[in-house]
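> The structure is given below, and queries will be raised subsequently.
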Amino acid sequence: MRIFEVVQPGLYLTNVSKDKQQKLSAIMHFLSASYLDANLAFDKFDKVVGSFDIEASSQKEYEYKKKIQAIRSEVLNEFGMGAPADDVEIETKTRLYRALEQTDEQAHPFHVHEEFLYAKAFLFALDTFQDMLGALIAVLDGPEVLETIRTDFGDNKFPGLREVRNSAHHEADRARRIRRGRGNKEEEIEAQPMPADSDFLPGVKVFEVSNLRRASFSTTLRDGSNAQVDVTQESMLKLQATYQEVLNSLEWGGPIVVLP
């Protein structure tokens, strides 16, 4: 597993009033948890995508379909050729899935969906990290150094993160091509052309709902434009650098702690 470690300069925070200690303890816990979520999601995503082999994948899909055909033949022999098609389909898939459970083999539809699951988890972990950074700033009454770190994170390292996350969270609206306006009123979204320098259909109006393009989680935003968050080592390194900056900006006591 690829681990992106950070060094916590101490065991506990110092110069913190008692009324803030409990809140800060919870915030630091969830800041760390969101970082670990991102690290784990990236590692899983990278392994699934990195191990993809189109020839091997096609062979697995072929074998999967052959297995379904074999089971369907067994069911037809038992039920009779005139058996209702729905009954045959249900029995075939039920036997297939029970057989896969015995061998701990993954059904083909789940394998196809796996990389999307990890990409979305990475996106939400980044967003939670950003939220926890904001909470930390609020409890500490807005230290300038942390404000600078948060601005760099949102504006430079991950521009559009919050908007992408919002669209991913409101998939039911985006699937209907709508957004929520004032008073929760539904408004139709008009897709905007992709940027001229885009490597994906430049100049073409594209409406995406939580789409995965290579190593990028891409979606249409509420204004009709498209944005993406990259699920890459570069993104993980940016997050690692930000987390280290946050830890270094605080006052600590006791021995250092290497996280995770």
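The values are calculated or read from the model by the stated rules, or taken from the named source; none is laboratory data. Being a predicted model, the structure only gives us computed values, none of them experimental. Every residue, glycine among them, receives a Cβ derived from its backbone with ideal geometry; neighbour counts consider all protein chains shown.
> Out of I68, I90, I27, report the one residue that is part of a helix (DSSP H, G or I), at pLDDT 95 or above and over 30 Å from D131 (Cβ atoms).
Just one listed residue meets the conditions, I90.
> Consider A38 against the criteria (1) over 19 Å from I256 (Cβ atoms); (2) buried (at least 18 other Cβ atoms within 10 Å of the Cβ); (3) over 23 Å from the mean Cα position of the chain (by Cα): it satisfies all of them except one. Which criterion is unmet?
(3)
> Please work out which residue is farthest from the chain's Cα centre (by Cα), limiting yourself to segment 79-97 and to residues that are more than 16 Å from P109 (Cβ to Cβ), surrounded by 10 or more Cβ atoms within 10 Å (Cβ to Cβ) and of a type in the set (D, E).
D87
> Still on this structure, I have one more. Got a number for residues in segment 1-15 being surrounded by 14 or more Cβ atoms within 10 Å (Cβ to Cβ) and free of Cβ contacts under 8 Å to residues at least 60 places away in the same chain?
Result for segment 1-15: 0.
> Restricting attention to segment 113-136, does a residue exist that is outside any helix (DSSP H, G or I) and out of contact with any helix residue (DSSP H, G or I) (no Cβ under 7 Å at 6 or more places or on another chain)?
No; the residues of segment 113-136 include none that is outside any helix (DSSP H, G or I) and out of contact with any helix residue (DSSP H, G or I) (no Cβ under 7 Å at 6 or more places or on another chain).
> Considering only segment 106-123, I want to know if a residue exists there that is modelled with pLDDT under 95 and on the phi > 0 side of the Ramachandran plot.
no
Listed here are the residues, each with its yes/no results for (1) under 21 Å from G134 (Cβ atoms); (2) modelled with pLDDT of 95 or more; (3) polar (S, T, N, Q); (4) under 23 Å from the mean Cα position of the chain (by Cα).
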| position | (1), (2), (3), (4) |
| --- | --- |
| D199 | no, no, no, yes |
| P202 | no, no, no, no |
| V206 | no, no, no, yes |
| A215 | no, no, no, yes |
| Q233 | no, yes, yes, yes |
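> Let me ask something else. If you go through segment 116-144 one residue at a time, how many are aliphatic (A, V, I, L, M) and free of Cβ contacts under 8 Å to residues at least 12 places away in the same chain?
The qualifying residues number 2.
> How many of the residues in segment 121-151 are within 21 Å of the chain's Cα centre (by Cα) and of a type in the set (D, E)?
Of the residues in that region, 2 qualify.
> Out of all the residues in segment 205-253, which are under 16 Å from L40 (Cα atoms), in contact with a helix residue (DSSP H, G or I) (Cβ under 7 Å, 6 or more places away or on another chain) and not in a loop (DSSP other than H, G, I, E, B)?
Residues satisfying the conditions are M236, K238, L239, Y243.
> Another one. Quick one: E115 ticks every box in (1) in contact with a strand residue (DSSP E or B) (Cβ under 7 Å, 6 or more places away or on another chain); (2) exposed (fewer than 12 other Cβ atoms within 10 Å of the Cβ) except a single one, so which number is it?
If we test E115 against (1) in contact with a strand residue (DSSP E or B) (Cβ under 7 Å, 6 or more places away or on another chain); (2) exposed (fewer than 12 other Cβ atoms within 10 Å of the Cβ), just (2) comes out false.
> Could you list, in sequence order, all residues of segment 149-185 that are small (G, A, S) and either closer than 20 Å to F122 by Cα or part of a helix (DSSP H, G or I) (or both)?
G154, G160, S167, A168, A172, A175, G183
> For the subset of segment 201-260 comprising residues that are at positive phi and not aliphatic (A, V, I, L, M), which member is surrounded by the most Cβ atoms within 10 Å (Cβ to Cβ)?
In this case the residue turns out to be S210.
> Right, next: With respect to A56, is the statement that it is modelled with pLDDT of 95 or more, under 28 Å from the mean Cα position of the chain (by Cα), of a type outside the set (S, T, N, Q) and surrounded by 10 or more Cβ atoms within 10 Å (Cβ to Cβ) true?
no
> Here are the criteria: (1) surrounded by fewer than 16 Cβ atoms within 10 Å (Cβ to Cβ); (2) under 30 Å from T242 (Cβ atoms); (3) modelled with pLDDT of 95 or more. Tell me which single one R165 does not satisfy.
(1)
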